[in-house]
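Encoded as C-alpha coordinates, the structure appears first; notes follow it.
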Amino acid sequence: MPVTYENLATTTLGSAQSSVTFSSISGSYTDLILVWTGTLTTGTSVWGLQYNSDTGTNYSWTSLRGDGSAASSARDNGSTRINCGWIGTTQTTEIVHIMNYSNTTTNKTNISRNNATVASTYVAANVGLWRNTSAITSITIKPDSSTFTSGSTFTLYGIKAA
Amino acid sequence: MIGNILGGAMGKVAPTGDYESIATVTVGAGGATDITFSSIPSTYQHLQLRMISRGANSTNTPVLLQFNSDTTTVYARHWLTGNGTSASASAQTGETSINSSRQPGSGDTSNTFGAVVIDILDYKDTNKFTTIRSLSGYDTNGAGEIHLYSGLWRSTSAVTTIKLYASTGNLLQYSQAALYGIKG
(Lines give C-alpha, C1' and ligand atoms only; values in the text may rest on other atoms or scores of the structure.)
Protein backbone atom coordinates (compact mmCIF):
# COMPACT_ATOMS: atom_id res chain seq x y z
CA MET A 1 0.00 0.00 0.00
CA PRO A 2 1.60 3.34 -1.02
CA VAL A 3 2.24 5.93 1.64
CA THR A 4 -0.87 8.07 2.10
CA TYR A 5 0.01 10.49 4.90
CA GLU A 6 3.60 11.69 4.72
CA ASN A 7 5.72 14.14 6.67
CA LEU A 8 7.18 16.37 3.96
CA ALA A 9 9.25 18.68 6.16
CA THR A 10 9.65 19.74 9.77
CA THR A 11 11.56 22.55 11.36
CA THR A 12 12.02 23.75 14.92
CA LEU A 13 13.22 27.33 15.07
CA GLY A 14 16.62 27.85 16.63
CA SER A 15 16.04 31.58 16.95
CA ALA A 16 13.17 34.04 16.66
CA GLN A 17 12.03 34.49 13.06
CA SER A 18 9.67 36.83 11.27
CA SER A 19 8.37 34.12 8.95
CA VAL A 20 8.74 30.50 7.91
CA THR A 21 8.56 29.27 4.32
CA PHE A 22 8.07 25.79 2.90
CA SER A 23 9.28 25.81 -0.69
CA SER A 24 9.67 23.39 -3.60
CA ILE A 25 6.58 21.53 -2.40
CA SER A 26 6.03 18.34 -4.37
CA GLY A 27 2.89 18.20 -6.50
CA SER A 28 2.47 14.47 -5.81
CA TYR A 29 -0.18 14.82 -3.10
CA THR A 30 -3.84 15.78 -2.96
CA ASP A 31 -4.02 17.85 0.22
CA LEU A 32 -1.49 19.45 2.53
CA ILE A 33 -1.79 19.76 6.28
CA LEU A 34 0.23 22.40 8.08
CA VAL A 35 0.64 21.83 11.80
CA TRP A 36 2.53 24.20 14.00
CA THR A 37 2.92 24.86 17.68
CA GLY A 38 4.69 27.80 19.17
CA THR A 39 4.45 31.27 20.55
CA LEU A 40 4.86 34.87 19.60
CA THR A 41 7.81 36.76 20.99
CA THR A 42 5.75 39.67 22.26
CA GLY A 43 2.14 40.83 22.36
CA THR A 44 -0.63 39.32 20.27
CA SER A 45 -1.01 39.22 16.51
CA VAL A 46 -2.89 37.74 13.64
CA TRP A 47 -0.92 35.10 11.75
CA GLY A 48 -1.47 34.21 8.15
CA LEU A 49 -0.47 32.42 4.97
CA GLN A 50 0.71 33.45 1.55
CA TYR A 51 1.18 31.08 -1.35
CA ASN A 52 3.85 31.04 -4.08
CA SER A 53 5.30 34.34 -2.88
CA ASP A 54 2.12 36.12 -3.95
CA THR A 55 1.93 39.34 -1.94
CA GLY A 56 -0.92 40.80 -4.00
CA THR A 57 -4.49 41.38 -2.84
CA ASN A 58 -5.53 37.93 -4.03
CA TYR A 59 -6.63 36.48 -0.72
CA SER A 60 -9.82 36.51 1.34
CA TRP A 61 -11.02 34.82 4.48
CA THR A 62 -13.99 34.24 6.79
CA SER A 63 -13.64 33.38 10.44
CA LEU A 64 -15.77 32.07 13.30
CA ARG A 65 -14.33 32.80 16.71
CA GLY A 66 -14.91 32.86 20.45
CA ASP A 67 -13.12 35.16 22.83
CA GLY A 68 -14.27 33.67 26.09
CA SER A 69 -17.32 35.90 26.29
CA ALA A 70 -19.05 35.69 22.96
CA ALA A 71 -18.97 34.09 19.53
CA SER A 72 -18.49 36.31 16.49
CA SER A 73 -17.52 36.24 12.84
CA ALA A 74 -15.37 38.40 10.62
CA ARG A 75 -14.28 38.59 7.00
CA ASP A 76 -11.80 40.36 4.77
CA ASN A 77 -11.79 40.54 0.97
CA GLY A 78 -8.98 41.51 -1.35
CA SER A 79 -6.43 40.87 1.37
CA THR A 80 -2.68 40.37 1.04
CA ARG A 81 -2.78 37.18 3.10
CA ILE A 82 -5.16 34.61 4.56
CA ASN A 83 -5.86 35.28 8.23
CA CYS A 84 -5.60 31.94 10.03
CA GLY A 85 -6.05 33.11 13.59
CA TRP A 86 -4.66 35.02 16.52
CA ILE A 87 -1.65 34.10 18.60
CA GLY A 88 0.26 35.43 21.58
CA THR A 89 3.01 34.64 24.02
CA THR A 90 1.31 31.49 25.34
CA GLN A 91 1.66 28.21 23.43
CA THR A 92 -0.77 27.77 20.55
CA THR A 93 -1.59 24.84 18.26
CA GLU A 94 -2.58 25.50 14.68
CA ILE A 95 -3.83 23.05 12.04
CA VAL A 96 -4.49 24.12 8.46
CA HIS A 97 -5.93 21.88 5.75
CA ILE A 98 -4.93 23.09 2.29
CA MET A 99 -7.24 21.23 -0.03
CA ASN A 100 -6.45 19.99 -3.55
CA TYR A 101 -3.40 22.23 -3.62
CA SER A 102 -1.71 20.66 -6.62
CA ASN A 103 -4.46 20.96 -9.22
CA THR A 104 -4.42 23.76 -11.77
CA THR A 105 -8.19 23.97 -12.11
CA THR A 106 -9.57 25.41 -8.89
CA ASN A 107 -8.79 28.42 -6.77
CA LYS A 108 -7.21 27.24 -3.54
CA THR A 109 -9.25 26.90 -0.36
CA ASN A 110 -7.94 26.13 3.12
CA ILE A 111 -9.83 25.46 6.33
CA SER A 112 -8.21 25.70 9.73
CA ARG A 113 -8.48 25.52 13.47
CA ASN A 114 -6.79 28.18 15.59
CA ASN A 115 -6.33 27.36 19.26
CA ALA A 116 -4.78 30.36 20.97
CA THR A 117 -5.01 30.56 24.72
CA VAL A 118 -3.70 33.97 25.73
CA ALA A 119 -6.05 36.78 26.69
CA SER A 120 -7.16 39.08 23.85
CA THR A 121 -7.01 36.21 21.37
CA TYR A 122 -9.52 33.65 20.17
CA VAL A 123 -10.33 30.04 19.56
CA ALA A 124 -11.38 30.07 15.93
CA ALA A 125 -12.20 28.23 12.77
CA ASN A 126 -11.28 29.88 9.47
CA VAL A 127 -11.70 29.43 5.75
CA GLY A 128 -9.35 31.10 3.33
CA LEU A 129 -9.24 31.57 -0.44
CA TRP A 130 -6.34 32.26 -2.77
CA ARG A 131 -7.78 33.41 -6.08
CA ASN A 132 -5.32 31.58 -8.23
CA THR A 133 -5.60 28.22 -9.96
CA SER A 134 -1.85 27.57 -9.90
CA ALA A 135 -0.54 24.62 -7.98
CA ILE A 136 0.84 25.66 -4.61
CA THR A 137 4.60 25.22 -4.53
CA SER A 138 5.48 27.37 -1.53
CA ILE A 139 3.79 28.45 1.68
CA THR A 140 4.90 31.42 3.78
CA ILE A 141 3.70 31.59 7.37
CA LYS A 142 4.06 34.83 9.29
CA PRO A 143 2.53 36.96 12.00
CA ASP A 144 1.43 40.51 11.21
CA SER A 145 3.63 41.75 14.04
CA SER A 146 6.39 40.39 16.27
CA THR A 147 8.16 37.11 15.54
CA PHE A 148 7.81 33.38 16.11
CA THR A 149 9.89 32.37 19.11
CA SER A 150 12.78 29.97 19.16
CA GLY A 151 11.43 26.47 19.71
CA SER A 152 8.30 26.96 17.60
CA THR A 153 7.84 23.87 15.42
CA PHE A 154 6.33 23.76 11.92
CA THR A 155 5.46 20.56 10.05
CA LEU A 156 4.00 20.07 6.59
CA TYR A 157 2.24 16.80 5.73
CA GLY A 158 1.08 15.53 2.36
CA ILE A 159 -2.03 13.38 1.94
CA LYS A 160 -2.34 11.35 -1.23
CA ALA A 161 -5.75 10.20 -2.41
CA ALA A 162 -6.12 6.97 -4.32
CA MET B 1 15.54 36.31 9.41
CA ILE B 2 13.31 34.09 7.35
CA GLY B 3 13.28 30.40 8.08
CA ASN B 4 13.19 28.54 4.80
CA ILE B 5 12.44 24.85 4.57
CA LEU B 6 12.80 22.96 1.33
CA GLY B 7 9.87 20.67 0.81
CA GLY B 8 11.08 17.11 1.13
CA ALA B 9 14.57 18.06 2.30
CA MET B 10 13.79 16.60 5.69
CA GLY B 11 10.94 14.37 4.53
CA LYS B 12 10.19 11.30 6.53
CA VAL B 13 8.13 8.37 5.34
CA ALA B 14 5.28 7.56 7.66
CA PRO B 15 4.60 3.93 8.47
CA THR B 16 2.33 2.42 5.86
CA GLY B 17 -1.12 1.13 6.67
CA ASP B 18 -2.32 3.37 9.53
CA TYR B 19 -3.93 6.03 7.35
CA GLU B 20 -4.96 4.61 4.01
CA SER B 21 -6.74 5.95 0.97
CA ILE B 22 -9.82 3.83 0.28
CA ALA B 23 -11.34 5.54 -2.76
CA THR B 24 -11.54 8.88 -4.56
CA VAL B 25 -14.34 10.21 -6.73
CA THR B 26 -13.97 13.21 -9.02
CA VAL B 27 -17.01 14.67 -10.75
CA GLY B 28 -16.62 14.84 -14.50
CA ALA B 29 -18.01 17.11 -17.18
CA GLY B 30 -21.77 17.27 -16.93
CA GLY B 31 -21.77 17.11 -13.15
CA ALA B 32 -23.15 14.43 -10.83
CA THR B 33 -26.21 14.02 -8.64
CA ASP B 34 -24.09 12.64 -5.82
CA ILE B 35 -20.81 11.09 -4.78
CA THR B 36 -21.29 7.68 -3.18
CA PHE B 37 -18.79 5.38 -1.54
CA SER B 38 -20.05 1.83 -1.27
CA SER B 39 -18.72 -1.50 -0.05
CA ILE B 40 -16.61 0.32 2.54
CA PRO B 41 -14.28 -2.26 4.11
CA SER B 42 -14.56 -3.00 7.81
CA THR B 43 -10.81 -3.20 8.34
CA TYR B 44 -10.41 0.27 9.88
CA GLN B 45 -11.28 1.91 13.17
CA HIS B 46 -12.31 5.32 11.83
CA LEU B 47 -13.01 6.99 8.52
CA GLN B 48 -12.15 10.45 7.24
CA LEU B 49 -13.72 12.14 4.23
CA ARG B 50 -11.95 15.06 2.57
CA MET B 51 -13.88 16.95 -0.10
CA ILE B 52 -14.00 20.03 -2.25
CA SER B 53 -17.27 20.83 -3.98
CA ARG B 54 -19.24 23.38 -5.96
CA GLY B 55 -22.91 23.15 -6.76
CA ALA B 56 -24.93 23.68 -9.92
CA ASN B 57 -27.51 25.71 -8.03
CA SER B 58 -26.93 29.40 -8.61
CA THR B 59 -26.50 30.11 -4.88
CA ASN B 60 -24.72 28.23 -2.10
CA THR B 61 -26.23 24.97 -0.88
CA PRO B 62 -25.72 22.49 1.94
CA VAL B 63 -23.93 19.25 1.14
CA LEU B 64 -25.88 16.46 2.79
CA LEU B 65 -24.75 13.01 3.92
CA GLN B 66 -26.59 9.72 4.27
CA PHE B 67 -25.38 6.34 5.49
CA ASN B 68 -26.24 2.89 4.07
CA SER B 69 -28.92 4.29 1.75
CA ASP B 70 -31.01 5.16 4.82
CA THR B 71 -33.41 7.90 3.78
CA THR B 72 -35.61 7.74 6.88
CA THR B 73 -35.88 10.38 9.60
CA VAL B 74 -33.17 8.94 11.82
CA TYR B 75 -30.61 11.73 11.56
CA ALA B 76 -29.90 14.69 13.82
CA ARG B 77 -27.56 17.61 13.28
CA HIS B 78 -26.07 20.68 14.94
CA TRP B 79 -23.98 23.43 13.52
CA LEU B 80 -22.13 26.58 14.47
CA THR B 81 -21.66 29.05 11.63
CA GLY B 82 -19.82 32.26 10.92
CA ASN B 83 -20.85 34.24 7.85
CA GLY B 84 -18.35 37.04 8.12
CA THR B 85 -20.76 39.26 10.03
CA SER B 86 -22.16 37.19 12.85
CA ALA B 87 -22.05 33.75 14.46
CA SER B 88 -25.14 31.58 14.70
CA ALA B 89 -26.12 28.07 15.73
CA SER B 90 -28.84 25.62 14.83
CA ALA B 91 -30.02 22.10 15.60
CA GLN B 92 -32.49 19.71 14.01
CA THR B 93 -33.71 16.22 14.83
CA GLY B 94 -35.73 13.67 12.93
CA GLU B 95 -34.08 14.60 9.64
CA THR B 96 -33.44 12.48 6.54
CA SER B 97 -29.77 13.47 6.29
CA ILE B 98 -26.84 15.14 8.05
CA ASN B 99 -25.50 18.53 6.98
CA SER B 100 -21.80 17.98 6.40
CA SER B 101 -20.76 21.22 4.70
CA ARG B 102 -21.87 24.08 2.52
CA GLN B 103 -20.64 24.84 -0.99
CA PRO B 104 -20.65 27.85 -3.34
CA GLY B 105 -23.02 27.85 -6.28
CA SER B 106 -22.63 28.36 -10.00
CA GLY B 107 -23.27 32.08 -9.62
CA ASP B 108 -20.42 32.57 -7.17
CA THR B 109 -16.82 33.51 -7.99
CA SER B 110 -15.64 31.15 -10.70
CA ASN B 111 -13.32 28.22 -9.97
CA THR B 112 -14.06 28.49 -6.25
CA PHE B 113 -15.00 25.42 -4.23
CA GLY B 114 -16.02 24.72 -0.66
CA ALA B 115 -13.89 22.42 1.49
CA VAL B 116 -14.72 19.98 4.25
CA VAL B 117 -12.97 17.42 6.44
CA ILE B 118 -15.40 14.91 8.00
CA ASP B 119 -14.42 12.51 10.77
CA ILE B 120 -16.53 9.36 11.29
CA LEU B 121 -15.37 7.59 14.41
CA ASP B 122 -15.96 3.89 15.20
CA TYR B 123 -17.94 3.48 11.97
CA LYS B 124 -18.09 -0.32 12.19
CA ASP B 125 -19.00 -0.59 15.87
CA THR B 126 -22.43 -2.23 16.13
CA ASN B 127 -22.81 -1.14 19.77
CA LYS B 128 -22.98 2.58 18.95
CA PHE B 129 -24.91 5.02 16.83
CA THR B 130 -22.67 6.72 14.26
CA THR B 131 -21.52 10.27 14.94
CA ILE B 132 -19.73 12.63 12.59
CA ARG B 133 -17.98 15.92 13.08
CA SER B 134 -16.84 18.24 10.35
CA LEU B 135 -14.90 21.43 9.71
CA SER B 136 -16.06 23.11 6.54
CA GLY B 137 -16.13 26.40 4.75
CA TYR B 138 -16.10 28.35 1.56
CA ASP B 139 -15.00 31.89 0.73
CA THR B 140 -15.68 33.69 -2.53
CA ASN B 141 -14.00 37.04 -1.84
CA GLY B 142 -17.06 38.90 -0.74
CA ALA B 143 -19.11 36.10 0.75
CA GLY B 144 -18.53 32.87 2.57
CA GLU B 145 -19.19 30.78 5.61
CA ILE B 146 -17.19 28.71 8.06
CA HIS B 147 -18.89 25.86 9.90
CA LEU B 148 -18.48 23.33 12.66
CA TYR B 149 -20.99 20.51 12.18
CA SER B 150 -21.90 17.48 14.23
CA GLY B 151 -24.28 14.78 13.09
CA LEU B 152 -25.90 11.60 14.37
CA TRP B 153 -27.22 8.58 12.53
CA ARG B 154 -29.46 6.64 14.92
CA SER B 155 -28.45 3.19 13.75
CA THR B 156 -26.01 0.69 15.23
CA SER B 157 -25.30 -0.83 11.84
CA ALA B 158 -21.75 -0.72 10.56
CA VAL B 159 -21.33 1.96 7.93
CA THR B 160 -20.90 0.40 4.50
CA THR B 161 -22.12 3.20 2.24
CA ILE B 162 -21.75 7.00 2.36
CA LYS B 163 -23.65 9.28 -0.01
CA LEU B 164 -22.87 12.99 -0.41
CA TYR B 165 -25.19 15.23 -2.37
CA ALA B 166 -26.36 18.81 -2.62
CA SER B 167 -29.71 19.79 -1.13
CA THR B 168 -30.57 21.35 -4.50
CA GLY B 169 -29.02 20.62 -7.88
CA ASN B 170 -26.00 18.65 -8.94
CA LEU B 171 -22.38 18.71 -7.91
CA LEU B 172 -20.25 20.45 -10.53
CA GLN B 173 -17.23 19.18 -12.43
CA TYR B 174 -13.99 19.02 -10.44
CA SER B 175 -15.81 18.43 -7.18
CA GLN B 176 -13.85 15.67 -5.52
CA ALA B 177 -14.26 13.50 -2.43
CA ALA B 178 -11.62 11.18 -0.99
CA LEU B 179 -12.34 8.52 1.64
CA TYR B 180 -9.60 7.42 4.02
CA GLY B 181 -9.46 4.68 6.62
CA ILE B 182 -7.62 5.01 9.91
CA LYS B 183 -6.55 1.88 11.75
CA GLY B 184 -6.94 1.67 15.51
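At-a-glance table
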{"item": "10 Å Cβ neighbours from other chains, averaged over peptide A:57-65", "result": "6"}
{"item": "Amide H contacts under 5 Å for B:Ala87, placed H, 5+ residues apart", "result": "A:Ser73"}
{"item": "Local electrostatic count at A:Gly85 - Lys and Arg +1, Asp and Glu -1, tallied over other residues with Cβ under 11 Å", "result": "+1"}
{"item": "Within 10 Å of each Cβ in A:76-89, the average number of Cβ atoms from other chains", "result": "1"}
{"item": "Solvent-accessible area buried by A and B, counting both chains, probe 1.4 angstrom, square angstrom", "result": "4300 Å²"}
{"item": "For the range A:1-87: accessible area per residue (Å², 1.4 Å)", "result": "34 Å²"}
{"item": "Contour excess over end-to-end distance, with Cα ends at A:Ser28 and A:Ala70 and 0.36 nm allotted per residue", "result": "10.9 nm"}
{"item": "Radius 13 Å from Cβ of A:Tyr29, net charge of other residues (Lys, Arg +1; Asp, Glu -1)", "result": "0"}
{"item": "Solution diffusion estimate, µm²/s, Stokes-Einstein, the range A:1-152, Kirkwood Rh from C-alpha pairs, 25 °C, viscosity 0.890 mPa s", "result": "156 µm²/s"}
{"item": "Accessible area of B:Tyr165 in the full protein assembly, 1.4 Å probe (Å², nearest 10)", "result": "40 Å²"}
{"item": "GNM result for chain B, Cα springs below 10 Å: residue of B:Thr96, B:Thr126, B:Thr26 fluctuating most strongly", "result": "B:Thr126"}
{"item": "Cut-off 15 Å between beta-carbons: net charge of the residues surrounding B:Ala32, Lys and Arg +1, Asp and Glu -1", "result": "+1"}
{"item": "Phi-based couplings in Hz for the range A:17-31 (Karplus 6.51, -1.76, 1.60; Gly and Pro marked x)", "result": "9, 7, 6, 10, 10, 9, 10, 6, 6, 4, x, 7, 10, 9, 10"}
{"item": "Positions from the range B:40-72 whose accessible area shrinks by 10 Å² or more when the full protein complex is built, not the chain alone, probe 1.4 Å", "result": "B:Arg50, B:Ile52"}
{"item": "Shielding by other protein chains, B:131-141, mean Cβ within 10 Å", "result": "6"}
{"item": "Ordering of B:71-81, A:99-109 by burial proxy (mean other Cβ atoms within 10 Å per residue, highest first)", "result": "A:99-109, B:71-81"}
{"item": "Cα point-scatterer Debye curve for the range B:31-184, base-10 log of I(q)/I(0) at q = 0.09, 0.10, 0.12 Å⁻¹", "result": "-0.27, -0.33, -0.47"}
{"item": "Nearest-10 value in Å² for the accessible area of B:Lys128, using the 1.4 Å probe", "result": "90 Å²"}
{"item": "B:Ser167 versus A:Ser145: modelled label distance in nm, points set 7 Å from Cα along the beta carbon direction", "result": "4.1 nm"}
{"item": "Over 20 Å between alpha carbons, listed pairs A:Lys108/A:Lys160; A:Lys160/B:Lys124; B:Lys124/B:Lys163; A:Lys160/B:Lys128; B:Lys124/B:Lys183", "result": "A:Lys160/B:Lys124; A:Lys160/B:Lys128"}
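The values are calculated or read from the model by the stated rules, or taken from the named source; none is laboratory data. For clarity, every value in this text was computed on a predicted model and none was experimentally measured. Cβ sites come from the backbone with ideal geometry, for glycine too, and all protein chains shown count toward neighbours. These accessible areas exclude ligands, DNA and RNA; they are computed on the full protein's heavy atoms, side chains included. Shrake-Rupley method; radii C 1.70, N 1.55, O 1.52, S 1.80 Å.
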